[in-house]
Each structure stands twice: as C-alpha cells, then as structure tokens.
1. When Arg64 is evaluated against the numbered criteria (1) surrounded by 15 or more Cβ atoms within 10 Å (Cβ to Cβ); (2) part of a helix (DSSP H, G or I), which criterion, by number, is the only one it fails?
2. For the subset of the stretch 39-61 comprising residues that are of a type outside the set (A, V, I, L, M, F, W, C), out of contact with any Lys or Arg (no Cβ under 7 Å at 6 or more places or on another chain) and surrounded by 15 or more Cβ atoms within 10 Å (Cβ to Cβ), which member is farthest from Phe8 (Cα to Cα)?
3. Identify all residues within the stretch 67-93 that are small (Gly, Ala, Ser) and buried (at least 17 other Cβ atoms within 10 Å of the Cβ); write none if there are none.
4. Under 6 Å between Cβ atoms, at least 6 apart or on separate chains: pull out the pairs that start in the stretch 9-28 with a residue that is exposed (fewer than 14 other Cβ atoms within 10 Å of the Cβ) and end on any residue that is modelled with pLDDT of 90 or more and not small (Gly, Ala, Ser).
5. Can you confirm whether the stretch 69-82 contains a residue that is in contact with a His (Cβ under 8 Å, 6 or more places away or on another chain) and not in a loop (DSSP other than H, G, I, E, B)?
6. Does the stretch 1-55 hold any residues that are of a type outside the set (Lys, Arg) and part of a strand (DSSP E or B), and which are they?
7. Restricting to the stretch 29-38, name every residue that is surrounded by 13 or more Cβ atoms within 10 Å (Cβ to Cβ) and either within 11 Å of Leu63 (Cβ to Cβ) or among the acidic types (Asp, Glu) (or both).
Amino acid sequence: MIEASDDFELLAPAVTSITAFRHRPPDLDTDRAEALNEAIPAAVQRRGHAFLTGTRISGAAALRACVLHPGTTKDDLTVLLDEIRAAAREVTT
C-alpha cells in the first residue's frame, strides 16, 4: 500500500511486523518533509483513531508502524494512512 501511494515513501523493506516509512507529499521539499514527519506521530495519536511512532533512519525522521494483530485488514491499514494524511493537514495549516 505504501509503495503504491504517491505521497508515501518506504524507507526499508518490511521483513517483520514493523514498517518504516515517510509521508512525502510530492510538493514538499526535504526540509518541510522532515519537519512534517517529526510532527505526524503526536498528531495521529491526538486524533485517537490510529497509533504509530516516530524514529530516525539514516538521520532522517521516519514513521514507524507495528502491526501485530492477525485480524488486521487492508481497511485497517487504509485508516492508518488516511489518519496520517489528516494529521499532516492539521500540522501544516
């Protein structure tokens, strides 16, 4: 799903239940994308519909999602990505 989206960037192959990625809208320069990805985890958590954490990969801010529940569906992951997009809009306005 992340690789199929033009506004997300996979930072490392997902070999376990943890995925590291960035929200990267096409019109955002590197510095603004960095600040946005630093702010997104707290904004998503404040919204209360999804949970993810932040981390750093090769010095760059990244989003970290850990999916463990075997009942997780594609719809659940769509909610997560939509919540990230909504949180990004909130922190940039």
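The values are calculated or read from the model by the stated rules, or taken from the named source; none is laboratory data. Worth saying up front: this structure is predicted, and the values here are computed from it rather than measured. With ideal geometry, Cβ positions are generated from the backbone for all residues, glycine too; neighbour counts draw on all protein chains shown.
1. If we test Arg64 against (1) surrounded by 15 or more Cβ atoms within 10 Å (Cβ to Cβ); (2) part of a helix (DSSP H, G or I), just (2) comes out false.
2. Of the residues in the stretch 39-61, the ones of a type outside the set (A, V, I, L, M, F, W, C) are 41, 45-49, 53-56, 58-59.
Of the ones still in play, those that are also out of contact with any Lys or Arg (no Cβ under 7 Å at 6 or more places or on another chain) are 41, 45-49, 56, 58-59.
So of that shortlist, the ones also surrounded by 15 or more Cβ atoms within 10 Å (Cβ to Cβ) come out as 41, 45.
Details: Pro41: 15, Gln45: 19 Å.
Among those residues, the one meeting the criterion is Gln45.
3. Selection gives Ala87, Ala88.
4. Ser17/Cys66; Ser17/Val67; Ser17/Leu68
5. Scanning the stretch 69-82, I find at least one residue that is in contact with a His (Cβ under 8 Å, 6 or more places away or on another chain) and not in a loop (DSSP other than H, G, I, E, B), so the answer is yes.
6. Keep residues of the stretch 1-55 that are of a type outside the set (Lys, Arg), which gives 1-21, 23, 25-31, 33-45, 48-55.
Passing the criteria: Phe8, Glu9, Leu10, Ile18, Thr19, Ala20, Phe21, His23, Thr53, Gly54, Thr55.
7. Across the stretch 29-38, the qualifying residues are Glu34, Leu36, Asn37, Glu38.
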